[in-house]
Ligand SMILES: [Zn+2]
Ligand SMILES: [Zn+2]
């Protein structure tokens, strides 16, 4: 039986993350992992913060704090945010941990020894005033490819092109604003050209990948791969392990993906089985799944696989790279500096975590950009309240009142009962197939279809009216409806785990925070004593609240604009 090693892109420890990140690389991975566990499959979910690179050194310098202290703070904040959203990693590590450095250096040396990493002299920007080389984001200017201004030295935020820092047009120093001069310096280059045929063959066989991910990777190979510099003149990072390269560190994008492995090593060590990581990374039965946003496609489909291919060690290659598009906020990119964001403390003081998970999952950026709209969020929340919440509440409170707090035994089944019950197995088969192929939007819709069918069934059969006229029929309807409710909860568990477990507890099923098996509930419900909890699952969001939230967002953006 295969086992699944699941990763989410390592977030940069240089600021809080937002719902856009969650929609791209985290919630889909958490849902996938939970679904696998429901099926009794072996899964390990690994992530951690990416704590090197110029985004971090610039941030720390601006904040006037030491680099380590800076990343410590952000690591904590980011971890707390994932906890809040119930994103359950098996291990959440960081790339400044001790295991990480020797492993990165080993990667470098192996590839260097095999001739895939070579030194070359290249022109580089140097700021005389600051007395340093301007690596990556220390230089800004115009993109040589699309012409966009104010782009970062290593990456165009407009066209997504990965840039060689010295190619920027009209460069200026990010720190002092001065015009840098060009100096010659030796850097080390990863020879991607050597991997082109193997990468092409490997990607060619990945017909089950999302077309956007695979096509982008293949078109990059078609355009021609080049040698990419993987070292920088910086003090913060993993030192290049060659005596002649003193003062250089590995480029953050060389060290970051290795963080997936070192995090797994740390997980194994903490578990008391220090070699256990090999069973995930060097085992051909292990399937490596990288959840990412589309801005990370090149790294996970070209550079990282090349780094793994270029060694004699039995590394597995990514089995799939479910890359998502971008998720925006009310028609614009999330941006804290522009005041276009959601204050998450405020958000969670008013709204349910599962409502957010459900809203994102129902409308995730799987094949095209999508966005968080307050109106849509309210509609999704209210859909949960009206369909699932209302169904649970009216059935369970009715049984509490009229059937001694128990699910009554069913009498003879009528065709409408059988129709609902016969729909359970197909609902599981179809929803499961969607979860397994990263089609969360469709999985949610299919699972909700069962909840809607159950609602309609209860409306049509009207057990409240039957209570006085036909108590046996009334009992039968409630028994069948209870089974549908339980199954809807199991189907939706990956998306709304807390709510699903709460529903199962309300139904009187054994408590626990374990994933319920992904199959129709088979046990008898006759006489099952309902749980004590009578709280409502969801509170409806009113149109006035939506209006207030949108106005608040606009106000924050105006204030940010005025402050500039
Ligand atoms: Zn560009
Ligand atoms: Zn400068």
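The values are calculated or read from the model by the stated rules, or taken from the named source; none is laboratory data. All figures in this text were calculated on a predicted structure; none of them were measured in a lab. Neighbour counts are summed over all protein chains in view; Cβ atoms, including those assigned to glycine, are modelled from backbone coordinates with ideal geometry.
Residues being touching a residue at least 12 places away in the same chain (Cβ under 8 Å) and within 14 Å of ligand 2 (Cβ to nearest atom) are entirely absent from the stretch 187-210. Out of 177, 115, 147, report the one residue that is at pLDDT below 90 and either more than 16 Å from ligand 1 (Cβ to nearest atom) or not assigned by TED's automatic domain parsing to the domain that holds residue 335 (or both). Being at pLDDT below 90 and either more than 16 Å from ligand 1 (Cβ to nearest atom) or not assigned by TED's automatic domain parsing to the domain that holds residue 335 (or both) holds for just one of 177, 115, 147, which is 147. The residue that is farthest from residue 244 (Cα to Cα), among those in the stretch 116-144 that are within 10 Å of ligand 2 (Cβ to nearest atom) and surrounded by fewer than 21 Cβ atoms within 10 Å (Cβ to Cβ), is 129.
Each row is one residue, and each column tells you yes or no for (1) in contact (Cβ under 8 Å) with a residue 60 or more places away in the chain; (2) within 24 Å of residue 358 (Cβ to Cβ).
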{"residue": "10", "(1), (2)": "yes, no"}
{"residue": "27", "(1), (2)": "yes, yes"}
{"residue": "63", "(1), (2)": "no, no"}
{"residue": "71", "(1), (2)": "no, no"}
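Is one or more of the residues making up the stretch 253-261 under 30 Å from residue 128 (Cβ atoms), more than 28 Å from the chain's Cα centre (by Cα) and in the same structural domain as residue 315 (by TED's automatic domain parsing)? Looking through the stretch 253-261, none of the residues is under 30 Å from residue 128 (Cβ atoms), more than 28 Å from the chain's Cα centre (by Cα) and in the same structural domain as residue 315 (by TED's automatic domain parsing). Selection of the stretch 158-174 for residues being within 16 Å of ligand 1 (Cβ to nearest atom), assigned to a strand (DSSP E or B) and in contact with a helix residue (DSSP H, G or I) (Cβ under 8 Å, 6 or more places away or on another chain) yields only 162. The condition (being surrounded by 17 or more Cβ atoms within 10 Å (Cβ to Cβ) and assigned to a helix (DSSP H, G or I)) is satisfied by just one residue among 189, 195: 195.
Residue 431 meets all of the listed conditions (1) surrounded by fewer than 22 Cβ atoms within 10 Å (Cβ to Cβ); (2) closer than 30 Å to residue 291 by Cα but one, namely (1).
Residues that are free of Cβ contacts under 8 Å to residues at least 60 places away in the same chain and either over 22 Å from residue 253 (Cα atoms) or part of a helix (DSSP H, G or I) (or both) within the stretch 42-59 comprise 42, 43, 59, listed in sequence order. Can you spot a residue in the stretch 285-302 that is in a loop (DSSP other than H, G, I, E, B), at pLDDT 95 or above and assigned by TED's automatic domain parsing to the domain that holds residue 226? Within the stretch 285-302, one or more residues are in a loop (DSSP other than H, G, I, E, B), at pLDDT 95 or above and assigned by TED's automatic domain parsing to the domain that holds residue 226. Is one or more of the residues making up the stretch 451-459 in contact (Cβ under 8 Å) with a residue 12 or more places away in the chain, over 30 Å from residue 548 (Cβ atoms) and not in a helix (DSSP H, G or I)? No, the stretch 451-459 has no match at all.
For the stretch 118-144, name all the residues that are in contact (Cβ under 8 Å) with a residue 12 or more places away in the chain, away from ligand 1 (no atom under 16 Å from the Cβ) and assigned to a loop (DSSP other than H, G, I, E, B). Answer for the stretch 118-144, where residues must be in contact (Cβ under 8 Å) with a residue 12 or more places away in the chain, away from ligand 1 (no atom under 16 Å from the Cβ) and assigned to a loop (DSSP other than H, G, I, E, B): 128, 129, 130, 134, 135. Listed conditions (1) within 16 Å of ligand 2 (Cβ to nearest atom); (2) within 24 Å of residue 67 (Cα to Cα) are all met by residue 99, apart from (1). Within the stretch 160-176, the residues that satisfy the criterion of being touching a residue at least 60 places away in the same chain (Cβ under 8 Å), touching a strand residue (DSSP E or B) at 6+ places or on another chain (Cβ under 9 Å) and away from ligand 2 (no atom under 16 Å from the Cβ) are 162, 164. Checking each residue in the stretch 149-159 for being away from ligand 2 (no atom under 16 Å from the Cβ) and buried (at least 16 other Cβ atoms within 10 Å of the Cβ) picks out 151, 154, 155, 156.
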